[in-house]
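Participant: Quick one: structure below, then a few questions.
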Amino acid sequence: MYARNSITALVVIATLALHSGCQAQTPCTTDGWFGPNCQYQCHCAGSAPCDKHDGSCSSGCHQDWFGPACQYDRLGYSGPGWLTDSDDTTCNTGNTQTVTVTLDTPIPLTWVRVVVRNAGSLNQIQLSYQLSGSPGPQTCPGPRKAEVNDLTLDIECSTTEPVSGVTLSGSGVTGLCSLYISGGRNVALKQRALQSSKFESSSTRWNAGYAVDGTTGGNSPSTCTHTEPNSASPGWWEVTFSQAVDVTRFLIFNRGDNRIEQT
């Protein structure tokens, strides 16, 4: 991964979770993190603390995250208000048995989660999708389903091409409350990062690792990476994953001040 001068944060979204292998592990005591060696970041609603062992949130997940330990990025989409309000208690207000949402940013599909208001609706919902630039719906070949509880169902439907829309159909849609579309996990978090040089080389700021520290705010030299802007050679920055990952997208957050020439 290369950059001109500075990066606030890099988020690499993938479908494969990281693991700690056989390395020595220590319990996590740092606020906002959990798991062995504080490997994972908490994503609880209201910035509430998560369980230090499994990452579970008594307050529920932050609206941008969902799934096990609130570790899966929730993709944004446009659709009915009762479906986009991040509230599992607001549900389909009509008798429609088909609902289609349009993704804010088309990406390959991996899996979705649906929440319903009554158990009878759970397995009466079918999933299809629309590929970017292609007319007509596509069906998932033999989708795998897993019941999280009586009202929550996970549906796996992997594609290699970017998906622009998702359609849910069937009698169960009349009881539909929420749809979560997975954008994957941030697998760049706390991975090994290097860069060609460092701005203010004698200081402890602007380190390469600050781009993968989980902080996306762009106004602090203690949370952003920055190479030397006056170097004769083009600056570069790179991250090495601890294991092979299936990357679906990259999100780069630049500095948030008015130094446009350094982003």
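Participant: Quick one: count up the residues across the stretch 90-144 that are under 19 Å from Gly76 (Cβ atoms) and in contact with a Cys (Cβ under 9 Å, 6 or more places away or on another chain). Give the steps one after another, and end with the answer.
Facilitator: So in the stretch 90-144, the residues under 19 Å from Gly76 (Cβ atoms) come out as 90, 99-115, 127, 129-132.
Next, from what is left, pick out any that are in contact with a Cys (Cβ under 9 Å, 6 or more places away or on another chain): 90, 109-112, 114-115, 127, 129.
Total satisfying the criteria: 9.
Participant: Go through the stretch 134-156 and report how many residues are part of a loop (DSSP other than H, G, I, E, B) and either of a type in the set (Gly, Ala, Ser) or at pLDDT below 95 (or both).
Facilitator: Going through the stretch 134-156 one residue at a time, the tally reaches 8.
Participant: Inside the stretch 79-132, can you point out the residues that are surrounded by fewer than 17 Cβ atoms within 10 Å (Cβ to Cβ), β-branched (Val, Ile, Thr) and not in a loop (DSSP other than H, G, I, E, B)?
Facilitator: Correct list: Thr84, Thr98, Thr102, Thr105.
Participant: Is at least one residue of the stretch 168-188 modelled with pLDDT under 90, of a type in the set (Ser, Thr, Tyr) and surrounded by 15 or more Cβ atoms within 10 Å (Cβ to Cβ)?
Facilitator: Among the residues of the stretch 168-188, not one is modelled with pLDDT under 90, of a type in the set (Ser, Thr, Tyr) and surrounded by 15 or more Cβ atoms within 10 Å (Cβ to Cβ), which makes the answer no.
The values are calculated or read from the model by the stated rules, or taken from the named source; none is laboratory data. Everything quoted here is computed from the prediction, not taken from an experiment. All Cβ positions, glycine included, derive from the backbone under ideal geometry; neighbour counts span all protein chains shown.
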